[in-house]
Amino acid sequence: MTRARLGLGVVLLLAACRPTNPTLTLPPAATPENRTLGPGDIIEIRVREHDDISGPYEVSDDGKIRFPWIGDVEVRGKTGAAIAEKIELELQSGWLKQPQVTVRVTERQNREVSVLGQVKEAGSLPYKPGMTVMQAISQAGGMNPLAMPRRVKLIRQTDKGRQTFEIDVTAILESRGQDFALEPGDIVFVPESPV
């Protein structure tokens with residue numbers, strides 16, 4: 001065997017052994033102020049110098065809160081800053097001259113992780129601190145024979161919006177790649193193999 005062929009063989013062997021997820025760094029989930037709201041979430045609304053209408057409000061199943069003086073306010077899918085701006089505009093329409101409103105999320109209902117696609121028991125799992133992609137797949141009964149483990153998707157709501165990351169689960173199983181910690185609201189999607 002020539003040195004060139006031997007060298008090429010070593011390069012190919014090393015390429016096959018290198019980790020596939022070595023540089024993937026997942027951003028954190030969106031901070032509470034930048035995450036959108038959904039049913040069951042509780043927000044603290046403060047109107048400066050008006051303690052009578054300030055306090056906690058729970059998002060209803062239809063995505064609204066009932067706020068004194070102005071009635072129903074659509075909050076589903078909105079951030080705290082957008083809700084504060086909407087309430088300020090409504091209060092300026094005949095109630096207060098220059099209202100100053102702050103909105104802070106105090107409690108989140110979505111403390112789950114979803115595992116979907118080619119797993120034995122797709123659905124939502126209760127989130128536990130430190131839960132990883134592999135643990136979530138395992139709790140969903142593992143992947144079924146139609147799964148494509150090299151192209152698993154992790155979908156996360158971040159401060160930059162909804163982002164999708166591709167993870168090679170085979171590399172994790174073979175100790176060539178790192179497992180990833182999940183955050184509440186994450187979605188793990190195991191796609192179907194095209195073959």
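The values are calculated or read from the model by the stated rules, or taken from the named source; none is laboratory data. The structure displayed is predicted, hence computed values, not measured ones. Counting neighbours? That spans all protein chains shown, and the Cβs are built from the backbone with ideal geometry, glycine included.
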Working only within the range 143-180, note down all residues that are surrounded by fewer than 17 Cβ atoms within 10 Å (Cβ to Cβ), hydrophobic (A, V, I, L, M, F, W, C) and over 15 Å from the mean Cα position of the chain (by Cα). Leu146, Leu173
Of the residues in the range 180-195, those that are outside any loop (DSSP other than H, G, I, E, B) and of a type in the set (A, V, I, L, M, F, W, C) come to Ala181, Ile187, Val188, Phe189, Val190
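Inside the range 105-179, counting only strands (runs of 3 or more DSSP E) that do not spill past its ends, which hold 2 or more residues that are out of contact with any Ser or Thr (no Cβ under 6 Å at 6 or more places or on another chain), closer than 30 Å to Ile45 by Cβ and in contact (Cβ under 8 Å) with a residue 12 or more places away in the chain?
Fully inside the range 105-179 and qualifying: 152-158.
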Hey, among the residues in the range 101-134 that are of a type in the set (Val, Ile, Thr) and over 30 Å from Glu49 (Cβ atoms), which one's surrounded by the fewest Cβ atoms within 10 Å (Cβ to Cβ)? Thr132
Filter the range 135-144 for residues that are among the aliphatic types (A, V, I, L, M) and touching a Leu at 6+ places or on another chain (Cβ under 8 Å); which is nearest to Arg111 (Cα to Cα)? Ala136
Considering residues of the range 70-100 that are under 16 Å from His50 (Cβ atoms) and either touching a helix residue (DSSP H, G or I) at 6+ places or on another chain (Cβ under 7 Å) or touching a residue at least 60 places away in the same chain (Cβ under 8 Å) (or both) only, the residue surrounded by the fewest Cβ atoms within 10 Å (Cβ to Cβ): Ile70
Taking the range 36-69, which residues are touching a residue at least 60 places away in the same chain (Cβ under 8 Å), assigned to a strand (DSSP E or B) and either among the hydroxyl-bearing types (Ser, Thr, Tyr) or touching a Ser or Thr at 6+ places or on another chain (Cβ under 6 Å) (or both)? Ile42, Glu44
Applying the selection to the range 186-195, what residues are touching a Gly at 6+ places or on another chain (Cβ under 9 Å) and loosely packed, with under 14 Cβ neighbours inside 10 Å? Glu192
If Gly63 satisfies every condition in (1) modelled with pLDDT under 90; (2) assigned by TED's automatic domain parsing to the domain that holds Gln178 but one, which is the exception? (2)
In this structure, does Glu183 turn out to be surrounded by fewer than 15 Cβ atoms within 10 Å (Cβ to Cβ) and among the acidic types (Asp, Glu)? no
